[in-house]
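In what follows, a single structure is set out as structure tokens and then discussed.
The values are calculated or read from the model by the stated rules, or taken from the named source; none is laboratory data. Note that the structure is predicted; figures quoted are calculated from it, not measured. Positions of Cβ are backbone-derived with ideal geometry, glycine not excepted, and every protein chain shown enters the neighbour counts. All accessible areas refer to the heavy atoms of the entire protein, side chains included, with ligands and DNA or RNA removed. Shrake-Rupley method; radii C 1.70, N 1.55, O 1.52, S 1.80 Å.
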Amino acid sequence: MVRMSAEERRESVIRAATQEFARGGYHGTSTEAIAKRVGVSQPYLFRLFPGKKAIFLAASERCMEDTIRTFREASEGLEGEEALHAMADAYTRVIAERPERLMMQMQMYIAVGAAEQEGDHEFGEAVRTGWMRLWDTVHLPLGADVNETTTFMAFGMLINCLVAMGFPPGHRVWEGLYESSRRKELPEDE
């Protein structure tokens with residue numbers, strides 16, 4: 001049996017934490033559940049990360065990085081409306097195929113709100129920094145137009161809410177969105 005390096009183990013913790021936090025949120029997820037999903041002990045988990053907050057922030061950063069990469073790859077070589085539709089289609093596809101990415105985003109926003117209420121601004125700073133990188137990633141392909149970027153991000157947040165609430169493809173709530181961002185049925189074999 002091949003032993004995993006600490007970095008590989010760290011990666012598996014981030015993946016497991018994303019799954020767990022996406023489902024249970026920051027306060028509803030135990031480090032025990034994350035350790036169990038990875039197949040390590042809690043003490044080992046804390047050798048990789050100093051605490052639950054660090055694990056959550058690492059999962060949040062990964063979630064944001066994955067979303068940034070989705071937009072960057074979709075818009076590569078495109079501008080304006082072509083970039084907009086390519087990014088909208090790619091994002092809609094990702095959250096349909098990988099719902100934990102959407103749910104992790106939603107949990108990030110909830111965690112920031114709760115932490116800010118408790119006077120903890122570290123969550124907010126980290127998530128806002130990532131979100132601004134996301135904003136900048138879509139801003140340039142959209143012609144560095146603030147209104148276009150705002151509209152794109154606003155539609156994205158609406159899409160997040162509609163998908164999280166379980167509105168099915170073809171429901172009338174999708175009609176006002178760009179065709180490229182409307183939720184679609186996944187083929188049966190996926």
Residue selected from the range 83-136 under the condition among the basic types (Lys, Arg) and part of a helix (DSSP H, G or I), by the criterion surrounded by the most Cβ atoms within 10 Å (Cβ to Cβ): Arg101
Out of the residues in the range 79-127 that are at pLDDT 90 or above and aromatic (Phe, Trp, Tyr), state the one that is farthest from Arg69 (Cα to Cα). Tyr109
Can you confirm whether Leu45 is open to solvent by 10 Å² or more (accessible area, probe 1.4 Å), part of a helix (DSSP H, G or I) and either within 14 Å of Met104 (Cα to Cα) or without any contact (Cβ under 8 Å) to a residue 60 or more places away in the chain (or both)? no
Considering (1) touching a residue at least 40 places away in the same chain (Cβ under 8 Å); (2) surrounded by fewer than 18 Cβ atoms within 10 Å (Cβ to Cβ); (3) within 16 Å of Leu134 (Cα to Cα), say which one Arg69 fails and leave the rest. (1)
So, in the range 138-169, of the ones that are touching a residue at least 24 places away in the same chain (Cβ under 8 Å) and β-branched (Val, Ile, Thr), which residue ends up surrounded by the most Cβ atoms within 10 Å (Cβ to Cβ)? Val138
Result of the Cβ filter at 7 Å on the range 1-27, keeping first residues that are farther than 15 Å from Met108 by Cα and without any contact (Cβ under 8 Å) to a residue 60 or more places away in the chain and partners that are assigned to a helix (DSSP H, G or I) and open to solvent by 60 Å² or more (accessible area, probe 1.4 Å), at least 6 apart or interchain, is Ala16/Arg37
It is to be established whether one or more residues within the range 1-10 are β-branched (Val, Ile, Thr) and open to solvent by less than 30 Å² (accessible area, probe 1.4 Å). no
Is there a residue being surrounded by fewer than 15 Cβ atoms within 10 Å (Cβ to Cβ), part of a helix (DSSP H, G or I) and modelled with pLDDT under 95 anywhere in the range 53-60? no
